[in-house]
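The values are calculated or read from the model by the stated rules, or taken from the named source; none is laboratory data. The structure presented is a predicted model; accordingly, all values stated were derived computationally and were not measured. Note that each Cβ is placed from the backbone with ideal geometry, even for glycine, and that neighbours are counted across all protein chains shown. Side chains included, ligands, DNA and RNA excluded: accessible areas come from the protein's heavy atoms. Shrake-Rupley method; radii C 1.70, N 1.55, O 1.52, S 1.80 Å.
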Amino acid sequence: MKIRPLNDRVVVRRNEEEAKSAGGILLAGAAKEKPNQGEVVAVGTGKVLDNGDVRAPAVKVGDKVVFGRYADSNTLKVDGEELIIMSESEIYGVLEG
């Protein structure tokens, strides 16, 4: 199954959770912090402006992005994989390099 987000929505696959803290301590499931980075897997057509024009998305499929910690309120499962669907404005930036 594929998902095609509408307008300025973006579908992101979150990076894996860290199993160790920065100091090397193994973390239990509840202590793990969900990563705020992921990979864009689908993008909508863009934001519809007040004058009717459509502004193309600033991200594309395959981009590595950083987003807010609470962006996971709209999660869904597609083919057993958990994905996040969010507005493009919830993405803080694209990781390059």
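The listed residues are T75, T45, and the only one of them that is touching a strand residue (DSSP E or B) at 6+ places or on another chain (Cβ under 8 Å), open to solvent by 40 Å² or more (accessible area, probe 1.4 Å), modelled with pLDDT under 90 and closer than 21 Å to R4 by Cβ turns out to be T75. In this structure, does G80 turn out to be modelled with pLDDT under 90 and at positive phi? Against the criterion (modelled with pLDDT under 90 and at positive phi), G80 qualifies.
Give the stretch 57-72 a look and list any residue that's touching a strand residue (DSSP E or B) at 6+ places or on another chain (Cβ under 6 Å) and among the hydrophobic types (A, V, I, L, M, F, W, C), or say none. Passing the criteria: V59, V61, V65, V66, F67, A71. Please verify whether the stretch 4-24 includes one or more residues that are within 21 Å of L95 (Cβ to Cβ), at pLDDT 90 or above, in contact with a strand residue (DSSP E or B) (Cβ under 8 Å, 6 or more places away or on another chain) and open to solvent by 90 Å² or more (accessible area, probe 1.4 Å). Yes, some residue in the stretch 4-24 is within 21 Å of L95 (Cβ to Cβ), at pLDDT 90 or above, in contact with a strand residue (DSSP E or B) (Cβ under 8 Å, 6 or more places away or on another chain) and open to solvent by 90 Å² or more (accessible area, probe 1.4 Å). Here K60 clears all of (1) surrounded by 15 or more Cβ atoms within 10 Å (Cβ to Cβ); (2) at pLDDT 95 or above; (3) of a type outside the set (F, W, Y) except the condition numbered (1).
Within the stretch 73-97, can you find the residues that are charged (D, E, K, R) and closer than 24 Å to V48 by Cα? Of everything in the stretch 73-97, those that are charged (D, E, K, R) and closer than 24 Å to V48 by Cα turn out to be E88, E90. Among residues that are among the β-branched types (V, I, T), at pLDDT 95 or above and over 14 Å from L83 (Cα atoms), V40 is not included. Being over 11 Å from R13 (Cα atoms) and part of a loop (DSSP other than H, G, I, E, B) is a property that does not hold for G62.
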